[in-house]
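Chemist: After the structure tokens below, expect a handful of questions from me.
The values are calculated or read from the model by the stated rules, or taken from the named source; none is laboratory data. Computed from a predicted model, the values in this text were never measured in an experiment. When we count neighbours, we look across all protein chains shown, and the Cβ atoms used for this are built from the backbone with ideal geometry, even at glycine. The protein model used for the area step is the full one, side chains on, heavy atoms only, and it has no ligands, DNA or RNA in it. Shrake-Rupley method; radii C 1.70, N 1.55, O 1.52, S 1.80 Å.
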Amino acid sequence: MEAALLDELGGADTPERAEAWRYSRNALRALAQMSFVAADPDLALAPEVCAQFAWPHTQGRRLVFINGRLSGAHSDLRDEGIVVAADAGTIHIVDAARPLHLVHIGVPGANAARWQTTLDLQVSSARASLIEQHIGVPGGDLLGVFDLHIQVAERAALDWVVLSELGEQAALLRRVKLGMAGQSQVRRSDALFGGRLQRLELGVELAGAQARLESRGTFVLRGREHAEVRLDVRHQARECACDVLWRGVADQRARGIFHGGITVEPGADGSDARLSSKNVLLSALAEIDTQPVLEIHADEVQAGHGATVGQIDERALFYLRSRGIPLEQARRMLVAAFCAQALGAIGDDGLRERIDALAQARLPSPDAAQ
Amino acid sequence: MLKIENLHVRVAGKEILKGLSLDVQAGQVHAIMGPNGAGKSTLGNVLAGREGYEVTAGSVSYDGQDLLALEPEQRAAAGVFLAFQYPVEIPGVNNTYFLRTAFNAQRKARGEPELDSMQFLKRVREKLAVLHLKDELLHRAVNEGFSGGEKKRNEIFQLALLEPRLAILDETDSGLDIDALKMVADGVNAMRDPARAFIVVTHYQRLLDYIVPDVVHVLADGRIVESGDASLAHKLEEHGYAWVAQRRVAGAA
């Protein structure tokens with residue numbers, strides 16, 4: 001089991017795979033030492049867990065998966081613009097003015113448990129909207145592996161907000177493959193909180209001319225949490241654009257990794273590629289690594305990238321305090337403002353405020369700070 | 001109100017203030033003038049509680065309490081305000097939200113009731129009108145993209161809103177054209193009050209034509225070397241700081 005897990009998820013059999021797991025191999029190895037049983041999809045959800053996703057404004061358009069399996073009891077789908085295959089393995093957003101709310105919940109049992117699932121999603125609406133939510137319920141060791149394949153049709157547009165909140169014993173590996181046809185547009189906003197290991201691999205193929213991707217994201221980590229985000233964006237056709245902006249915050253002994261890979265393939269002339277990754281460490285023991293990797297094999301490409309790791313701006317902190325704002329409150333204001341640079345694109349005010357509040361709530365009190 | 005005695009301050013291992021003493025009474029405006037590098041900004045920063053300023057000797061008493069023992073936010077709640085020479089840009093923090101948070105944090109620290117947003121906005125509009133500032137300033141992030149003049153006026157606006165008892169203006173006149181200078185001076189003059197004191201730190205005498213001080217001090221090499229009434233500022237303007245240095249040498253001889 002141990003060797004199999006390592007091999008399956010993060011094997012060092014090729015130099016590429018070894019490099020891709022360089023920063024998270026130890027966290028994965030710790031997981032591989034556990035004996036996992038298959039997670040039980042029939043476990044009941046506590047009311048407080050239900051409250052985390054039972055948002056009034058997504059009522060009637062919600063699909064809930066528990067430990068990888070669709071839950072009939074918690075799902076609620078009445079919107080005609082969304083077509084779901086019988087096994088729920090394939091979802092087609094045809095025409096939906098309101099968002100589809102996809103919820104994946106990992107619920108721990110008595111033993112360390114593991115779930116795995118694959119979902120196919122097709123988007124052919126010009127105004128599709130998706131809220132993808134991952135919840136790792138605290139209280140036991142849990143590993144989830146989630147593969148998502150999304151195909152966005154020509155001229156279709158998808159507004160996509162992804163929120164993941166994991167308990168400290170939860171691990172979640174997400175592998176997302178996004179294919180984009182000509183003139184399609186995707187705006188994805190990610191927020192990652194918590195987890196002993198969470199890893200998001202986002203592979204994007206800008207396959208048709210003038211496809212446009214906007215990726216915004218933030219992670220806020222504390223304790224011994226560990227999160228890795230790996231973007232692999234490929235410009236494969238003419239005049240495609242990608243605009244990537246991520247903000248990371250790590251406190252205490254947390255560890256964050258951001259790898260932003262953008263490749264402009266031969267023939268993808270007239271591409272526009274932007275990447276910004278800024279990160280803040282709130283403690284001397286926290287660590288964040290950021291690697292922007294731009295490879296350009298085409299002509300007439302506009303590209304720019306910037307990546308930084310630093311501390312909270314002491315001048316700004318003193319300015320706020322000199323006006324009477326207590327230290328911790330000032331720190332929270334500055335961190336929230338920093339994350340807001342990545343979350344400002346979320347058009348749904350209620351959702352954005354919810355994520356803002358989550359980010360702020362995850363900053364420790366002064367006595368817990370190291 | 002404020003009594004500074006024999007203050008010695010070191011910054012990055014270098015002694016900047018070397019035995020500064022100053023006595024400020026409520027209702028007074030004190031001007032502190034001096035050449036570059038004399039320690040003018042250090043004084044403001046030490047009084048506001050900025051980190052990195054090591055007090056090696058001396059004391060600062062404010063209303064009978066040890067000011068240096070307080071955190072910056074406690075000093076603010078006690079009524080100390082520093083108008084920054086270089087106000088800080090804080091992207092992502094809305095100006096109104098910032099002002100209301102600061103205002104209510106101070107009230108809370110003093111055990112006074114906090115104002116709700118309607119009450120607060122009413123107060124803000126009154127102060128904006130006095131300073132001839134545009135509403136638009138409120139909707140932007142703190143100082144972000146403000147011109148030099150706007151930043152300084154925003155400092156004075158905060159001063160008007162927070163109504164401190166001791167206001168320190170650190171080279172608020174630098175980088176201002178004459179119209180902005182007058183506006184800043186008008187704002188300060190409107191705030192003069194028997195219960196409130198000002199320390200106006202400046203390099204040039206120009207600002208003091210509009211904010212007429214009760215006492216003028218010359219700060220040179222980390223000490224107050226000369227004090228007098230408003231006419232001292234004019235003498236300085238006429239003779240330059242070298243004149244003070246010569247007088248000191250003559251006095252020492």
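Chemist: Please build a GNM for chain A, connecting alpha carbons under 10 Å apart, and tell me which residue among A:Ile325, A:Ile288, A:Ile135 fluctuates the most.
Modeler: In this elastic network of chain A, the residue with the biggest mean-square fluctuation among A:Ile325, A:Ile288, A:Ile135 is A:Ile325.
Chemist: Using Cα-Cα distances under 8 Å and only pairs 6 or more residues apart, what relative contact order does segment B:127-242 have, in percent?
Modeler: Working: 105 pairs, mean separation 24.8, N = 116.
Reported as a whole number, the value is 21 percent.
Chemist: Further question: As an exercise, use a Förster radius of 51 Å and the Cβ-Cβ distance of A:Gln329 and A:Asp299 to find the FRET efficiency, rounded to the nearest 0.05.
Modeler: Details: r = 51 Å, r/R0 = 1.01.
Rounded to the nearest 0.05, the efficiency is 0.50.
Chemist: If one computes the Cα centroid of segment B:1-79 and of segment A:195-211, what distance in Å separates the two points?
Modeler: A separation of 54 Å, based on Cα centres.
Chemist: Send over the per residue convex hull volume for chain B, Cα only, as a whole number of Å³.
Modeler: Spelled out: Cα convex hull of chain B, divided by residues, is 128 Å³.
Chemist: Specify which residue in the list A:Val64, A:Ser215, A:Ala171 is farthest towards the positive end of the charge dipole of segment A:35-361, using unit charges on the beta carbon of Lys, Arg (+1) and Asp, Glu (-1), about the Cα centre.
Modeler: Comparing the listed Cα positions along the dipole, A:Ala171 ranks first.
Chemist: Can I ask one more? Taking segment B:180-253, which trypsin sites (Lys or Arg not before Pro) meet the DSSP loop condition and have no more than 11 other C-beta atoms within 10 Å?
Modeler: When the trypsin sites (Lys or Arg not before Pro) of segment B:180-253 are filtered for loop state and at most 11 Cβ neighbours within 10 Å, nothing remains.
Chemist: Separate question: Tell me, what is the 1.4 Å probe accessible area of A:Ser277, in Å² to the nearest 10?
Modeler: Number for this one is 0 Å².
Chemist: A further question on this structure: Ordering B:His203, B:His139 by how much accessible area each has at a 1.4 Å probe, largest first, what is the list?
Modeler: Output order, biggest surface exposure first: B:His139, B:His203.
Chemist: Okay, next question. In segment B:97-120, which residues give up 10 Å² or more of accessible area once the other protein chains are added, compared with their chain alone (1.4 Å probe)?
Modeler: Those are B:Tyr97, B:Phe98, B:Thr101, B:Ala102, B:Ala105, B:Gln106, which lose 10 Å² or more relative to the chain on its own.
Chemist: Ranked by accessible surface with a 1.4 Å probe, highest first, in what order do B:Thr42, B:Thr56 come?
Modeler: B:Thr56, B:Thr42
Chemist: Oh, and also: Going by accessible area, probe 1.4 Å, with all protein chains left in place, what is the ranking of B:Met118, B:Met183, B:Met33, largest first?
Modeler: Heavy-atom accessible area, descending, gives B:Met118, B:Met183, B:Met33.
Chemist: Another one. Rounded to the nearest 20 debye, what is the charge dipole size of chain B about its Cα centre when +1 sits on each Lys and Arg Cβ and -1 on each Asp and Glu Cβ?
Modeler: I would put it at about 140 debye.
Chemist: Right, next: Round to a whole number: what % of the accessible area of chain B belongs to carbon and sulfur, probe 1.4 Å?
Modeler: Working: 5400 of 11020 Å².
Percent of accessible area from carbon and sulfur atoms in chain B: 49.
Chemist: Here is a further query. With an 8 Å cut-off on Cα pairs and a minimum separation of 6 or more residues, tell me the relative contact order of chain A in percent. Don't jump to the answer; show the numbers that get you there.
Modeler: Details: 978 pairs, mean separation 34.3, N = 370.
The normalised contact order for chain A reaches 9 percent.
Chemist: Same structure, new question: Is there a quick way to get the dipole size of the protein assembly as shown? I mean about its Cα centre, with the Cβ of Lys and Arg at +1 and of Asp and Glu at -1; what is the value in debye to the nearest 20?
Modeler: Details: 68 positive and 82 negative charges, 224 e Å.
For this selection, approximately 1080 debye.
Chemist: How much accessible surface area, in Å² rounded to 10, belongs to the heavy atoms of A:Thr308 with a 1.4 Å probe?
Modeler: It works out to around 70 Å².
Chemist: Additional query: Is the shape of segment B:99-197 best called rounded, prolate or oblate, per the rule: a/c under 1.5 gives rounded, else a/b larger than b/c gives prolate, else oblate, with a ≥ b ≥ c the square roots of the Cα gyration tensor eigenvalues?
Modeler: oblate
Chemist: What does the helix-only formula give at 222 nm for chain B: each DSSP H stretch with n ≥ 4 adding -39500 (n - 2.57), the total divided by the residues, and the result rounded to the nearest 500 deg cm²/dmol?
Modeler: -12000 deg cm²/dmol
Chemist: In whole Å, what is the distance between the alpha-carbon centres of segment B:205-243 and segment B:130-203?
Modeler: If you average the Cα positions of each part, the centres end up 21 Å apart.
Chemist: Just the accessible area per residue of the protein assembly as shown, please: how many Å² with a 1.4 Å probe?
Modeler: 41
Chemist: Calculate, axis by axis, the spread of Cα positions in segment A:35-361 along the three principal axes, and write the results as whole Å, longest axis first.
Modeler: Computed over segment A:35-361, the largest-to-smallest principal extents equal 59, 55, 39 Å.
Chemist: Okay, moving on. Can you list the GluC sites (Glu not before Pro) in segment B:23-111 that are in a DSSP coil and have 14 or fewer other beta carbons within 10 angstrom?
Modeler: Counting only loop positions with at most 14 other Cβ atoms within 10 Å, the GluC sites (Glu not before Pro) in segment B:23-111 are B:Glu51.
Chemist: With contacts defined as alpha carbon pairs under 8 Å and 6 or more residues apart, what's the relative contact order of segment A:257-370 in percent?
Modeler: Relative CO of segment A:257-370 lands at 25 percent.
Chemist: For a quick check of understanding: with a 1.4 angstrom probe and all protein chains in place, what accessible area in square angstrom does A:Asp40 have, to the nearest ten?
Modeler: Here the residue's solvent-accessible area equals roughly 70 Å².
Chemist: Tell me which of A:Phe193, B:Val93, B:Asn6 sits at the most positive position along the dipole axis of the protein assembly as shown, charges placed on C-beta atoms (Lys, Arg +1; Asp, Glu -1).
Modeler: Ranked along the dipole, the leading option is B:Asn6.
Chemist: Given charges of +1 on the Cβ of Lys and Arg and -1 on the Cβ of Asp and Glu, with all other atoms neutral, how large is the dipole of segment A:35-361 about its Cα centre, in debye to the nearest 20?
Modeler: Dipole about the Cα centre, nearest 20: 760 debye.
Chemist: Straight distance only, please: which lysines reach the Cα of B:Lys182 with their own Cα at less than 24 Å, same-chain residues fewer than 8 apart left out?
Modeler: By straight Cα distance, B:Lys182 reaches B:Lys40, B:Lys127, B:Lys134, B:Lys151, B:Lys152, B:Lys235.
Chemist: Right, another one. With a cut-off of at most 13 other beta carbons within 10 Å, and DSSP calling the residue loop, which GluC sites (Glu not before Pro) in segment A:240-329 qualify? Please list them.
Modeler: Details: sites: A:Glu287, A:Glu295, A:Glu300, A:Glu314, A:Glu328; in loops: A:Glu300.
Filter output for segment A:240-329: A:Glu300.
Chemist: For chain A, what is the calculated [θ] at 222 nm in deg cm²/dmol (nearest 500), taking -39500 (n - 2.57) for each run of four or more DSSP H residues and dividing by its residue count?
Modeler: -5500 deg cm²/dmol
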